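Student: Sending over a structure as C-alpha cells; questions will come in a sec.
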Amino acid sequence: MTRILVLWLLCGASALAQAAGIQIHYALVSGDNDPHWPYIQALLLLACAEEGQHCELLAARDMNQGRAMEQMLRPDGRVDLFWGMTSRERERKLLPVRVPLDKGLIGWRVMLINADRPQLLKDVKTTAQLAQLRAGQGQDWPDTQILQQAGLPVATSADYPNLFSMLRQRRYDYFPRSVIEVRQELASPFGKGLALDPYLLLHYPTAFYFFVSPKRPELARMLRQGLEKGVADGGFEQLFRAFNGEHLRELKLSARTIIELPNPLLPEATPLARRELWFHP
C-alpha cells in the first residue's frame, strides 16, 4: 500500500461518507471523546478500501458497550458494529473479526493517578502489593473481571466519563488505561487533575476486535478480508505506527515494572501464534 493511500485513509472519511456504498452503523461507546476513534476510523476505511468498497460510517451515540450488544442482537437493532476487548461471551453472541486492531496494546496498561499522589505506585512490584489499592474500571468491561479474578479490588461505573471524576474524588486509587488511550485522555478535559504514573505497567493477553451484529455476516466477512489484505501488504502496519509509534516511545515501557496478569476470559480462537498480528515491546 502506498503512502498516498495511507494519507487518503487518514483524511478521507468525509469524502467517503458522501458516496453511496455500504452503511456501517457503529456504536460510539465512549462518547464523542473516544480516544480510539481516529485510529478505528482509519482501520475501517482501510478495510473498505482494500475490498474496493465505499463505506458510509454512521454513529450511534449515548450507549455503553452492554447496550450496544443488546442493540446488535435485536432484530430491529440500529447498531451493526462496535469495537472492544474480546471475551468468550462476546465471541459467542456476536461475530468477531479476529484481527487485533491494536496488536494487543489494549492489554498493556499504564495507570492514571491523582496528580497530588505522584509516588503512589513507586514501590509496587507484585500483584499482592497492588491489591492494597483499588482500581477503577467500566462496569461492563472485560478488564473488570480480569482484574478481579487476579485478586485486585475494583470500583466500577457504567459511565465512562464518571470514572475520571471518581478518581479525582479518590473513590478509587488508580485507573489502568491502555497505552493507546492514555495520552488522549490526559490531554482531554477528563484528564484535569490527573497524572500518568511513570513506574508500573500491567499486562494481560487480550485482543481488541471489531464485533459485528449476527444480522450482518457479509459486513464481518468484508472487514476480515480487508484487514487481512492490509496486514499482508503493509498498510495495517503503516497505520499502526502512524497512530501509535510516538506515544509508545514516550511511555518508556521498558523502564517500568511489569506485572503480568492471567486472562481467564481469553477465547481459545485468539490468534496468538500469528506473531505479525501482535505488538512486541
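The values are calculated or read from the model by the stated rules, or taken from the named source; none is laboratory data. Remember, predicted model here, so these are calculated numbers, not experimental data. Backbone-built Cβ (ideal geometry, glycine too); neighbour counts: all protein chains shown.
Student: Just one of Asn244, Asn263 is among the polar types (S, T, N, Q), surrounded by 15 or more Cβ atoms within 10 Å (Cβ to Cβ) and in a helix (DSSP H, G or I); which is it?
Tutor: Sole residue among the options that is among the polar types (S, T, N, Q), surrounded by 15 or more Cβ atoms within 10 Å (Cβ to Cβ) and in a helix (DSSP H, G or I): Asn244.
Student: Residues of the stretch 95-119 being in a helix (DSSP H, G or I) and of a type in the set (A, V, I, L, M), which ones?
Tutor: Within the stretch 95-119, Leu105, Ile106 meet the criteria.
Student: OK, next. Starting from residues that are within 17 Å of Asn64 (Cβ to Cβ) and hydrophobic (A, V, I, L, M, F, W, C), keep the ones in the stretch 142-190 and report whichever is nearest to the chain's Cα centre (by Cα).
Tutor: Phe175
Student: Quick test for you: out of Gln184, Gln225, pick the one residue that is in the same structural domain as Ala155 (by TED's automatic domain parsing) and part of a helix (DSSP H, G or I).
Tutor: Gln184
Student: Checking Met63 against (1) part of a loop (DSSP other than H, G, I, E, B); (2) touching a residue at least 40 places away in the same chain (Cβ under 8 Å); (3) touching a helix residue (DSSP H, G or I) at 6+ places or on another chain (Cβ under 8 Å); (4) surrounded by fewer than 19 Cβ atoms within 10 Å (Cβ to Cβ), only one condition comes out false. Which one?
Tutor: Single failed check for Met63: (2).
Student: Checking Lys122 against (1) in a loop (DSSP other than H, G, I, E, B); (2) outside the structural domain of Tyr174 (by TED's automatic domain parsing): exactly one of these is not met. Which one?
Tutor: Condition not satisfied by Lys122: (2).
Student: Mind checking whether some residue in the stretch 4-26 is modelled with pLDDT under 95, surrounded by 17 or more Cβ atoms within 10 Å (Cβ to Cβ) and of a type in the set (S, T, N, Q)?
Tutor: Scanning the stretch 4-26, I find no residue that is modelled with pLDDT under 95, surrounded by 17 or more Cβ atoms within 10 Å (Cβ to Cβ) and of a type in the set (S, T, N, Q), so the answer is no.
Student: Looking at Gly136, is it surrounded by 14 or more Cβ atoms within 10 Å (Cβ to Cβ) and modelled with pLDDT under 95?
Tutor: Values: surrounded by 14 or more Cβ atoms within 10 Å (Cβ to Cβ): yes; modelled with pLDDT under 95: no.
Judged against the criteria, Gly136 is not a match.
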